[in-house]
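In what follows, a structure is listed as structure tokens, so that the remarks can point back to it.
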Amino acid sequence: MANLTVQISSLLEAVARDLSAERKTSLDDLVSAALSEYLLSSPRRMYQISTSTALVEGVYAGSVPSLTLLENGDFGLGTFEGLDGEMVILDGEIYQATGSVRRRSDDFLVPFASVTHFREDEVFQIDEVECLKDIEVAFDTHRISENLFYAIRLDGVFDTMHARAVHPVPQGSRLLDAAKTQLEFHFDNVEGTLVCLWSPRYSSSFSVPGYHFHFISKDRTKGGHVLDCAAQQLRASIQIVSEYDVRLPEAGSFLTSDLNRNPASDLAKAE
């Protein structure tokens, strides 16, 4: 066995020691297993907490720790308990966007999120973006199938950015009702990144079908769910996702909510 010396945060050390004691295993074995899962995990895998149907029906209680989320991916989207802002996961960090942005380094429970270990399969350039639809059309030609999932990243300077953010609502409020009170923001000449996931139409019962964009500025002060944007030139990259791991809450309102309705229509209106 080889020895490896690394520096980690005191929070991560405390969590590791607690988990080691809980599982009655050595810290060495626990860390080795965690590194193996992270380093050897498939770059084609999406890890998701809860389902889009549950989100539509107002199940916003957290169920999985954020540290567990980051163990399973470094790139993705989600939301917070009670719909308290838009979640952006970029380069292994979680950001809470409510117009302004807060980096979340604490360990908290996540109600809904999707992440992957982003490894670009293809890189290309998109020029003269007049609206968000131009980006979607550009990526349509780079998706090899309508039946796979994709992670998409765009970096550059945006001439305009129109974004929104949901804000806390009473537990059980349906997503459509929450969307009526969302806050909207306009940013001009802002450098940043679009984090996007594309899901097939057939996945509407557990994912958000079509393109789903969140934005965060390079200085990490602005962000939200993207409604529209414009740019002169963007660096675009795309990753195919062919494995999907959905983790369902084992307690709370998820167990008793009626999740039989098709959420596709409500998701389209809320987006």
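The values are calculated or read from the model by the stated rules, or taken from the named source; none is laboratory data. Because the structure is a prediction, the values reported are computed rather than measured. In this analysis, Cβ positions are derived from the backbone assuming ideal geometry, glycine residues included, and neighbour counts consider all displayed protein chains. Accessible surface is based on the protein model in full, side chains and every heavy atom, while ligands, DNA and RNA are left aside. Shrake-Rupley method; radii C 1.70, N 1.55, O 1.52, S 1.80 Å.
So the values come out like this:
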item	result
Test set (1) closer than 23 Å to PHE254 by Cα; (2) among the hydrophobic types (A, V, I, L, M, F, W, C); (3) open to solvent by 70 Å² or more (accessible area, probe 1.4 Å) - LEU4 fails condition number	(1)
In segment 218-253, the residues that are of a type outside the set (Phe, Trp, Tyr), assigned to a strand (DSSP E or B) and over 22 Å from ASP91 (Cβ atoms)	LEU227, ASP228, ALA230, GLN232, VAL246, ARG247
Residue satisfying all of: in segment 44-71; open to solvent by less than 10 Å² (accessible area, probe 1.4 Å) and of a type outside the set (A, V, I, L, M, F, W, C); farthest from SER114 (Cα to Cα) among these	GLY58
Verdict on PRO249 being at pLDDT below 90, more than 30 Å from GLN125 (Cα to Cα), in contact with an Asp or Glu (Cβ under 9 Å, 6 or more places away or on another chain) and surrounded by 14 or more Cβ atoms within 10 Å (Cβ to Cβ)	no
Any hit, segment 38-60, residues being of a type in the set (S, T, N, Q), part of a helix (DSSP H, G or I) and in contact (Cβ under 8 Å) with a residue 12 or more places away in the chain	yes
Of all residues making up segment 161-180, the number that are at pLDDT 75 or above and part of a loop (DSSP other than H, G, I, E, B)	3
Matching residues, segment 186-217, being assigned to a strand (DSSP E or B) and either open to solvent by 20 Å² or more (accessible area, probe 1.4 Å) or among the small types (Gly, Ala, Ser) (or both)	HIS186, PHE187, ASP188, ASN189, GLU191, GLY192, SER199, GLY210, TYR211, HIS212, SER217
Within segment 218-246, tally of residues that are in contact with an Asp or Glu (Cβ under 9 Å, 6 or more places away or on another chain) and crowded, with 19+ Cβ neighbours inside 10 Å	9
Failed condition for ILE8, given (1) among the hydrophobic types (A, V, I, L, M, F, W, C); (2) in contact (Cβ under 8 Å) with a residue 60 or more places away in the chain; (3) part of a loop (DSSP other than H, G, I, E, B); (4) over 30 Å from SER205 (Cβ atoms)	(2)
Residue within segment 15-38 that is modelled with pLDDT of 95 or more and out of contact with any helix residue (DSSP H, G or I) (no Cβ under 6 Å at 6 or more places or on another chain) present	no
Unique residue being more than 26 Å from SER10 (Cβ to Cβ) and open to solvent by less than 30 Å² (accessible area, probe 1.4 Å) when the list is LEU90, LEU77	LEU77
Flag if THR256 is out of contact with any strand residue (DSSP E or B) (no Cβ under 9 Å at 6 or more places or on another chain), open to solvent by 40 Å² or more (accessible area, probe 1.4 Å) and either under 26 Å from VAL64 (Cβ atoms) or modelled with pLDDT of 95 or more (or both)	yes
Scope segment 126-155; condition part of a loop (DSSP other than H, G, I, E, B), open to solvent by less than 50 Å² (accessible area, probe 1.4 Å) and charged (D, E, K, R); matching residues	ARG143
The listed residue being surrounded by fewer than 17 Cβ atoms within 10 Å (Cβ to Cβ), among the acidic types (Asp, Glu), modelled with pLDDT of 85 or more and within 30 Å of PHE185 (Cα to Cα), out of ASP106, ASP84	ASP106
Set PHE158, PHE118: member being more than 12 Å from GLN233 (Cα to Cα) and crowded, with 16+ Cβ neighbours inside 10 Å	PHE118
